[in-house]
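Working notes, beginning with the structure itself.
The values are calculated or read from the model by the stated rules, or taken from the named source; none is laboratory data. Worth saying up front: this structure is predicted, and the values here are computed from it rather than measured. With ideal geometry, Cβ positions are generated from the backbone for all residues, glycine too; neighbour counts draw on all protein chains shown.
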Amino acid sequence: MHFDILTLFPGMFEGPFEESIIKRAREAGLVTIALHNIRDYATGRHRVTDDTPYGGGGGMIMKPEPIFAAVEGVLGEHTGSVPVILLTPQGKLFSQQVARQLARQPRLVLICGRYEGVDERVHHHLATDEISIGDYVLSGGELPAMVIVDAVTRLIPGVLGDPGATFEDSHAEGLLEYPQYTRPPDYRGYRVPEELLSGHHAEITRWRRQQALRRTWLRRPELLEHARLSKEDQAYLDELASEEEGARSSG
Ligand code: ADE
């Protein structure tokens, strides 16, 4: 996978891309990341990249020319055949499913917006996708780009040691992850659940599944609408619902 990141602040990426999983993925040649400074594609003595909005109002808007020039300069003959993703709060919401779709591509361009916005012609005539990482407004697309690079990189085969690791993640199957414990079995009287200490594989699997279902039901019930559920899962959820119903009517 090759990422081209277009930004006014390439220095922001130095720490996050030089540690841990992404660092190792880069060293192994599984991922390559090229940072491109949009200012290098701006013209004129001052290399201006922003301007005031037509129609007035506060703030500055990123000009279209340097961004078009950067994408076309970076992609050259590949312009038009590589997804060009603009990070913006107006985009579709990023999710594990979107991460999986992106991980199938050999190359991605990520454009980090800044200031109060990006000229609409970039949205319409240059970006092939617009992605938001959540319903809040950040100062720019740099942190969202890092989020996407991280989420996508760990899905690339070979990046994580254990091929089962991403399969069991929260959201991988549309459920939150079950609780995890490691030694010691008793810490300050807080005990690891007996089911996990039993060494009984089928019991552990069942306990984990039920915990994942219970957590999702309590914390993110809307996820259950799209989760793949077996008959046994559904029976357990019905049990939770009737326990709650019982507690409510007796309380
Ligand atoms: N730029 C500013 N806020 C953003 C967000 N939530 N997602 C993606 N890009 C952004």
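Any residue in the range 134-145 that is within 7 Å of the ligand (Cβ to nearest atom) sitting within a Cβ distance under 7 Å of a residue that is aliphatic (A, V, I, L, M) and not in a loop (DSSP other than H, G, I, E, B)? List the pairs, counting only those 6 or more apart or interchain.
Gly141/Leu87; Gly141/Ile111; Pro144/Leu87
Can you give me the number of residues within the range 18-39 that are in a helix (DSSP H, G or I), surrounded by 13 or more Cβ atoms within 10 Å (Cβ to Cβ) and not aliphatic (A, V, I, L, M)?
4
Condition test on Ile148, is it closer than 28 Å to Gly117 by Cβ, β-branched (Val, Ile, Thr), touching a Pro at 6+ places or on another chain (Cβ under 7 Å) and surrounded by 14 or more Cβ atoms within 10 Å (Cβ to Cβ)?
So Ile148 fails the test.
With respect to Pro10, determine if the residue is touching a strand residue (DSSP E or B) at 6+ places or on another chain (Cβ under 7 Å) and free of Cβ contacts under 8 Å to residues at least 60 places away in the same chain.
Spelling it out, Pro10 is indeed touching a strand residue (DSSP E or B) at 6+ places or on another chain (Cβ under 7 Å) and free of Cβ contacts under 8 Å to residues at least 60 places away in the same chain.
From Arg154, Arg214, Arg208, which residue is surrounded by 15 or more Cβ atoms within 10 Å (Cβ to Cβ) and either under 30 Å from Phe17 (Cβ atoms) or assigned by TED's automatic domain parsing to the domain that holds Asn37 (or both)?
One residue alone meets the criteria, Arg154.
Pick from Leu175, Leu160: which is assigned to a loop (DSSP other than H, G, I, E, B), surrounded by 18 or more Cβ atoms within 10 Å (Cβ to Cβ) and at pLDDT 90 or above?
Leu175
Identify all residues within the range 40-56 that are closer than 18 Å to Ser139 by Cα and assigned to a loop (DSSP other than H, G, I, E, B); write none if there are none.
Listed by number, the residues that qualify are Thr49, Thr52, Pro53.
Take the residues of the range 195-228 that are touching a residue at least 12 places away in the same chain (Cβ under 8 Å) and among the aliphatic types (A, V, I, L, M): which is farthest from Asp169 (Cα to Cα)?
Leu197
Only one residue in Ala127, Ala69 is part of a helix (DSSP H, G or I), more than 10 Å from the ligand (Cβ to nearest atom) and modelled with pLDDT of 95 or more, so which one is that?
Selected residue: Ala69, the only one of Ala127, Ala69 that is part of a helix (DSSP H, G or I), more than 10 Å from the ligand (Cβ to nearest atom) and modelled with pLDDT of 95 or more.
In the range 79-108, how many are in a helix (DSSP H, G or I), among the aliphatic types (A, V, I, L, M) and in contact with a helix residue (DSSP H, G or I) (Cβ under 8 Å, 6 or more places away or on another chain)?
3
In the set Glu232, Glu116, Glu222, which member is touching a helix residue (DSSP H, G or I) at 6+ places or on another chain (Cβ under 9 Å) and at negative phi?
None of the other options fit; the residue is Glu232.
Before we move on, is Leu108 within 14 Å of the ligand (Cβ to nearest atom), of a type in the set (A, V, I, L, M), crowded, with 19+ Cβ neighbours inside 10 Å and closer than 30 Å to Ala172 by Cβ?
no
Return only the number of the condition from (1) over 30 Å from Asp169 (Cα atoms); (2) within 14 Å of the ligand (Cβ to nearest atom) that Leu93 does not satisfy.
Among (1) over 30 Å from Asp169 (Cα atoms); (2) within 14 Å of the ligand (Cβ to nearest atom), the lone unmet condition for Leu93 is (1).
Could you list all residues from the range 194-213 that are on the phi < 0 side of the Ramachandran plot and either more than 31 Å from the chain's Cα centre (by Cα) or of a type in the set (Lys, Arg) (or both)?
Matches in the range 194-213: Glu194, Glu195, Leu197, Ser198, His200, His201, Ala202, Glu203, Arg206, Arg208, Arg209.
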